[in-house]
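Colleague: Pasting in a structure now, in structure tokens, and then I'll have a few things to ask.
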């Protein structure tokens, strides 16, 4: 890591603090990329100007959230009651009272499936729509073999001017204790199409995990080229040639981003009212969702708001992901359920109040669900055979429940919704129709989830 | 006067001084806010001397630690500064000798840690059987300071169990269908109140200390959880979602005379009785921030 600066932000109390930026190997660069300038007008023809994916890494339990089975035997149903929604035939877990009240604002798919049961390959598949030809993370594959992430595709299709086309909000590369999710990036298109990663703390401080700007170089001072050059000279002397070349390219892009007026304004949560920030809640996930809304508002085509960096809950390094092999029911009651309910409901309200829901496709999902049968230690394990996605906004007919799972939530009773159908639907609604997908050689041969439209 | 009696007298005086100060600071009916950082907090517990509160807090995104709030001057410190793992569910024996908590031990497992403060802080641990992912949560000492009752996520599912303070002599207390969680031992040590999903959603039940004579105390359409006995054994406080979000309720120990203690659109959770039984400590969310508050008993 190389220190190359910092910029001040204000926390919710109006205090000035320094948010440090770091530079490193996982540079986000899905901005200003070649190959898409001729498609700049595509957004005008599409329904969704932006896509906002809320990613619940680790595998949220479908039975304990959006697809409860109160009549199933006790070894399946879990300890939570169900709530009536405003959609006939749809019940949610009692952990989601706010979302149950807003059930007319979104649609629910209950029959998603994935092709893998491990976090990293399942996440890669969920985020790219396809399996890696060499087997992926858990089967001896290598990075760079997955097709590009949906966000990378959209960023290339529709490059934005000041801001990156694909921004992911997390403390660092998402993944598990073994390593990062390979499908969270450009894949076969190369690292140049990876997401641009931003970290948003619970106090609303925004930093770039992969960057650390020269100490004392604020956004205002970034416009002072002489100051920047002095800082760069100092940094250059401390680096060898290869390090500097990498750093220089990284820095150039970061500099472009941070000196763009639109970017600095989009990152500044202190511009939000206290009421709005409170509504999202002062957690990293809550403030990240708010930042996601601001980025959408600023015109970023694809934003991924991550619940956590790691899927794990109780690992010493982990940050309370959704991989609830242990203590699923305690965690769901203590933290995961109430926090998800508050933040996602607020996000829907906020987007709706600002008129952004009409032009923003919002998607809530993880890589899979969790075992309907409660395991021998009273918790739930991975379950890729049936789980949920929640869809709202641009092009989505709200208030629908798509698909039905069996009485125990183990398998779809209706047609399963595959990861490539999810990706195809996202891209179609974002204006990438069949011909364009064929031209870019992405997600061909699948279909849109037409039941949502 | 024996040294033991002297110690208890000292504890009693200390507690009275602390409660006196708190009582003066309290405006009748208005919650008293004890912390102001807004960070996510869990499972507060009064330390046995009564002059401090320990609680788990998301101090940084990737670590939950246990902090101690000293009530006389409101200063705070980290209770286990050398422990870099996640730390949950701190509990203290009534005599103050034993401190216990749940520690993340890798591979998603939480183990029970017991520290004997009168034996050079000697640490013993209980590793739940049932594989790497089994856990111990929600700790409660018996009033005779000899055993710890907890929720065991082990080979028999999610059940109530106990070990002695040396982390030996595991005893399974429940073995019902559904899950059993959040045990609290009555002040006389004869009963355990807990939540169970044996009949559907979580409701509150009471049983004898060995798991017999289970009686249902609540029947709510949504979850009732985290029941705790009042120090005099006559009342039980708990968290319920029956009114749409988490609120604190109090009922008589036989399940009658239900009263609602909090009324807010945001959550009120983790009730803990003040040692004198006159107030209840909670973790409340206000304006999206989590802090410790002391509220009146309705």
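Rule-based calculations on the coordinates, nothing more; no lab input. Computed from a prediction, not measured in an experiment: that's the story for all the values here. As a convention, Cβ positions derive from the backbone with ideal geometry for all residues, glycine included, and neighbour counts pool all protein chains shown.
Colleague: By how many nm would the segment from residue A:71 to residue A:142 grow when fully extended, if each residue of separation counts as 0.36 nm and the alpha-carbon distance is taken off? It would help to have the intermediate numbers written out before the result.
Modeller: Values: separation 71, 0.36 × 71 = 25.56 nm, distance 4.43 nm.
Here the answer is 21.1 nm.
Colleague: Calculate the FRET efficiency for residue A:275 and residue B:168 from the Cβ-Cβ distance with a Förster distance of 51 Å, rounded to the nearest 0.05. Present the calculation step by step, with values, prior to reporting the outcome.
Modeller: Working: r = 54 Å, r/R0 = 1.06.
The calculated FRET efficiency here is 0.40.
Colleague: Using the eigenvalues of the Cα gyration tensor, what equivalent ellipsoid semi-axes result for segment B:3-296 when each is taken as the square root of five times the eigenvalue, whole Å, largest first?
Modeller: Numbers: eigenvalues 130, 115, 79 Å².
For segment B:3-296, the semi-axes come out at 25, 24, 20 Å.
Colleague: Taking beta carbons within 10 Å but only from partner chains, what does the mean come to for residues B:142-155?
Modeller: Values: counts 0, 0, 0, 0, 0, 0, 0, 0, 0, 4, 2, 11, 3, 3.
Mean number of neighbouring Cβ atoms from other chains: 2.
Colleague: Rounded if a/c is under 1.5, else prolate if a/b is larger than b/c, else oblate: which is segment B:145-269, with a ≥ b ≥ c the root eigenvalues of its Cα gyration tensor? Please list the in-between numbers first.
Modeller: Details: a/c = 1.91, a/b = 1.51, b/c = 1.26.
Verdict is prolate for segment B:145-269.
Colleague: Using the per-residue mean of other Cβ atoms lying within 10 Å as a proxy for protection, in what order, highest first, do the peptides B:77-88, A:327-338 fall?
Modeller: Numbers: B:77-88: 17.0, A:327-338: 24.6.
Ranked by mean Cβ neighbours within 10 Å, highest first: A:327-338, B:77-88.
Colleague: A follow-up question, please. What ranking of B:219, B:41 emerges when the number of other C-beta atoms within 10 Å of each C-beta is taken as an exposure proxy, fewest first? List each step's numbers first, then the result.
Modeller: Working: B:219 12, B:41 24.
Listed from fewest to most nearby Cβ atoms, that is B:219, B:41.
Colleague: Ranking request for peptides A:439-448, A:297-306: highest mean number of other beta-carbon atoms within 10 Å first, then the rest in descending order. Mind dumping the intermediate values first?
Modeller: On the way: A:439-448: 16.1, A:297-306: 25.2.
Per-residue mean Cβ counts within 10 Å order the peptides as A:297-306, A:439-448.
Colleague: Now for a separate question. If I model a spin label at residue B:234 and residue B:78 as a point 7 Å from the Cα along the Cα→Cβ vector, what separation in nanometres do I get?
Modeller: 4.4
Colleague: Using the count of nearby Cβ atoms within 10 Å as a rough guide to exposure, how do A:425, B:174, A:85, A:414 rank from fewest to most?
Modeller: Working: A:425 28, B:174 25, A:85 21, A:414 12.
In order of increasing Cβ crowding within 10 Å: A:414, A:85, B:174, A:425.
Colleague: Moving on. Assuming R0 = 35 Å, can you tell me the calculated FRET efficiency for the pair residue B:265 and residue A:451, based on Cβ-Cβ distance, to the nearest 0.05?
Modeller: Numbers: r = 35 Å, r/R0 = 1.00.
Calculated transfer efficiency: 0.50.
Colleague: Once you have a ≥ b ≥ c as the square roots of the Cα gyration tensor eigenvalues for segment A:277-432, tell me rounded if a/c is under 1.5, and otherwise prolate or oblate according to whether a/b is larger than b/c.
Modeller: Details: a/c = 2.03, a/b = 1.23, b/c = 1.66.
Verdict is oblate for segment A:277-432.
Colleague: Here's another thing I want to ask about it. Just checking the output field for A:76-83: average partner chain Cβ neighbours within 10 Å of each residue's Cβ? Provide the component values of the computation, followed by the final result.
Modeller: Working: counts 0, 4, 4, 15, 7, 11, 4, 4.
That works out to 6 on average.
Colleague: Suppose each label sits 7 Å from its Cα in the direction of the beta carbon; what would the residue A:413-residue A:441 distance come out to in nanometres?
Modeller: The two pseudo-label positions are separated by 4.4 nm.
Colleague: Still on this structure, I have one more. Could you line up B:103, B:74 from fewest to most neighbouring Cβ atoms inside 10 Å?
Modeller: Numbers: B:103 24, B:74 10.
Starting with the residue having the fewest Cβ neighbours, the order is B:74, B:103.
Colleague: Roughly how compact is segment B:107-185, stated as its Cα Rg over 2.2 N^0.38 Å to two decimals? Write out the running numbers ahead of the final one.
Modeller: On the way: Rg = 12.4 Å, N = 79, 2.2 N^0.38 = 11.6 Å.
Dividing the Cα Rg of segment B:107-185 by 2.2 N^0.38 Å gives 1.07.
Colleague: Another question, then. What is the distance, in nm, between label points placed 7 Å from the Cα along the Cα-to-Cβ direction at residue B:296 and at residue B:32?
Modeller: 1.4
Colleague: As a check on your grasp of the helix formula, calculate [θ] at 222 nm for chain B: sum -39500 (n - 2.57) over DSSP H runs of n ≥ 4, divide by the residue count, round to the nearest 500.
Modeller: Working: 1 runs with 23 residues, N = 298.
Taken over chain B, the calculation gives -2500 deg cm²/dmol.
Colleague: Decide, for segment B:220-262, between rounded, prolate and oblate: order the square roots of the alpha carbon gyration tensor eigenvalues as a ≥ b ≥ c, take rounded if a/c falls under 1.5, and otherwise choose prolate if a/b is larger than b/c, else oblate. Don't skip to the answer; put the middle values down first.
Modeller: Numbers: a/c = 2.06, a/b = 1.89, b/c = 1.09.
Here segment B:220-262 falls in the prolate category.
Colleague: Within 10 Å of each Cβ in B:84-92, how many Cβ atoms from other chains are there, averaged over the peptide? Don't skip to the answer; put the middle values down first.
Modeller: Numbers: counts 2, 4, 8, 0, 4, 1, 0, 0, 0.
Per-residue shielding by partner chains comes out at 2.
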